[in-house]
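I have placed the structure first, in the form of C-alpha cells, so that the comments after it can refer back to it.
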Amino acid sequence: MLIETDLPNILHRGKVRDTYAVDNDTLLMVATDRISAFDVVLPSGIPGKGQVLNRISAFWFDKTAHIIPNHFLCLADSPDLKSQYGDNEFLITLPRDIASQAMIVKKAERINIECIVRGYITGSAWLEYCREGTVWGLPMPSDMVEGTPFPEPLFTPTTKAEEGHDENMTQDEVEDMVGKELAQQLETISKQVYAYADKYASGQGIILADTKMEFGLLDGNLILIDELLTPDSSRFWDVEGYAPGKSQPNYDKQFVRDYLSGQGWNQEPPAPLLPDEVVSETTERYQEAYKRLTAETI
C-alpha cells in the first residue's frame with residue numbers, strides 16, 4: 001500500500017520526500033513509497049521503499065560524518081524520540097507507518113544543485129557519449145562501452161528542477177550561482193564522499209556506479225542534506241555480474257527505468273502504471289541493497 005503523508009505543518013512535497021516543520025530549527029523528512037523515473041513521479045508506489053531510503057540514508061550520514069557534517073539528527077521511530085521531543089505533540093503522535101519512513105533533521109538553506117559523481121559511464125552520460133562522444137561536454141576516449149569506468153570519477157552537476165527534467169550545469173554556471181570557493185568545495189567533497197562510499201560498497205559486493213548528493217548551508221557551513229547514497233539516488237551494481245558492454249545487474253531503480261524504456265513511453269507525464277511483478281521485483285532489489293550495505297534487514 002502507498003502510504004500518503006497528509007500531516008499538518010507541511011513545508012514541501014517533493015517527488016519522493018515530504019518535509020514538515022517541527023520547530024524553527026528542525027524538520028521532519030518523510031521518504032515516501034513514491035518513485036520517480038526520468039524526473040516524472042510514477043502512479044505506482046513501491047511498498048517498503050520509503051523505509052529503505054530512510055534507513056540507508058541514516059546509515060550513510062553516520063558513515064560519512066568524518067568527511068562532512070550533515071543534517072541528520074535521529075530516526076523518527078527511534079526509542080529515544082520521546083525523551084528528546086517529548087513536548088512536541090506533532091512528533092510523538094506520528095502514525096507508526098510514517099515514523100518508520102521519517103527522520104528528524106536540522107533545517108538548512110538548500111543549495112539548488114544536484115551534485116552528481118560518476119565513476120562509470122552509464123545512464124544519461126552514456127546517451128550523451130553515444131550522440132556526441134562527450135560526457136558533460138568533456139571529450140572522452142573513442143573506445144568506451146557502456147559500463148566502462150572513467151579514469152577518475154567525474155563531477156557533473158545539474159540543476160534541481162521541481163518539475164520537468166534536470167539540466168546539466170557548466171562549471172561557470174555553478175560558480176555564478178554559489179561563487180568559486182563554494183563551487184570547488186561542492187566538487188571536492190562530493191568526490192570524497194563518493195570515493196569513500198565506493199570503497200566501502202565494493203567490500204559488500206556492490207559497485208557504486210554513480211550517485212547524486214545535495215548540500216545546504218547551516219550557520220554558513222556546508223553540510224549534506226536530503227538523502228544519501230540510496231537506491232534512488234545511486235546506481236548499485238552487483239560486483240559478481242559486472243562486465244562492461246551491457247546493462248549491469250543492479251539493486252536500484254534502473255530495473256524500473258528499463259521497463260519503462262521498453263514501453264515506448266516518451267518520458268513525459270503521465271507515466272504508465274507498473275505491473276505488479278515490476279513493483280515486487282523493485283521492492284526486493286531495494287531491500288537487497290540495504291541488506292548488503294548495512295548487514296541488516298527491514
Using the structure shown, decide if VAL256 is at pLDDT 95 or above, under 19 Å from the mean Cα position of the chain (by Cα), not hydroxyl-bearing (Ser, Thr, Tyr) and not in a loop (DSSP other than H, G, I, E, B). yes
Taking the condition of being open to solvent by less than 80 Å² (accessible area, probe 1.4 Å), charged (D, E, K, R) and more than 23 Å from ASP39 (Cα to Cα), how many residues in region 267-298 meet it? 2
Pull out all pairs, ordered by first then second residue, where Cβ-Cβ is under 7 Å, the residues are six or more apart or on different chains, the first lies in region 20-38 and is more than 15 Å from ILE98 (Cβ to Cβ), and the second is in a strand (DSSP E or B) and among the basic types (Lys, Arg). ASP25/LYS106; THR26/LYS106
Can you name every residue in region 1-27 that is assigned to a loop (DSSP other than H, G, I, E, B), modelled with pLDDT of 90 or more and open to solvent by 40 Å² or more (accessible area, probe 1.4 Å)? LYS15, ASP23, ASN24, ASP25
Considering only region 279-298, how many residues are part of a helix (DSSP H, G or I) and in contact with a Gly (Cβ under 9 Å, 6 or more places away or on another chain)? 5
Residue under question is ARG118, and the condition is that it be open to solvent by 30 Å² or more (accessible area, probe 1.4 Å), within 21 Å of the chain's Cα centre (by Cα), within 27 Å of VAL52 (Cβ to Cβ) and among the basic types (Lys, Arg); does it hold? no
All but one of (1) open to solvent by less than 30 Å² (accessible area, probe 1.4 Å); (2) not in a helix (DSSP H, G or I) hold for TYR129; state the number of the condition that does not hold. (2)
Show the residue pairs that are 6+ apart or on different chains and have beta-carbon atoms under 9 Å apart, the first residue being within region 196-216 and closer than 18 Å to ALA295 by Cβ and in contact (Cβ under 8 Å) with a residue 12 or more places away in the chain, the second being in a helix (DSSP H, G or I) and among the β-branched types (Val, Ile, Thr). GLN204/THR294
What's the number of the condition ASP226 fails, among (1) within 20 Å of the chain's Cα centre (by Cα); (2) on the phi < 0 side of the Ramachandran plot; (3) charged (D, E, K, R)? (2)
Selection within region 41-71 - outside any loop (DSSP other than H, G, I, E, B), open to solvent by less than 10 Å² (accessible area, probe 1.4 Å) and in contact with a Lys or Arg (Cβ under 9 Å, 6 or more places away or on another chain): LYS49, GLY50, LEU53
Could you check region 132-160 and list, in sequence order, the residues that are open to solvent by 20 Å² or more (accessible area, probe 1.4 Å) and assigned to a strand (DSSP E or B)? THR134, LEU138, PRO139, PRO149, PRO151, GLU152, PRO153, LEU154, THR159
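The values are calculated or read from the model by the stated rules, or taken from the named source; none is laboratory data. What you see is a predicted model; the values in this text were computed from it and never measured. Every residue, glycine among them, receives a Cβ derived from its backbone with ideal geometry; neighbour counts consider all protein chains shown. Ligands, DNA and RNA are stripped out before the accessible areas are found, and what is left, the full protein with its side chains, is counted by its heavy atoms. Shrake-Rupley method; radii C 1.70, N 1.55, O 1.52, S 1.80 Å.
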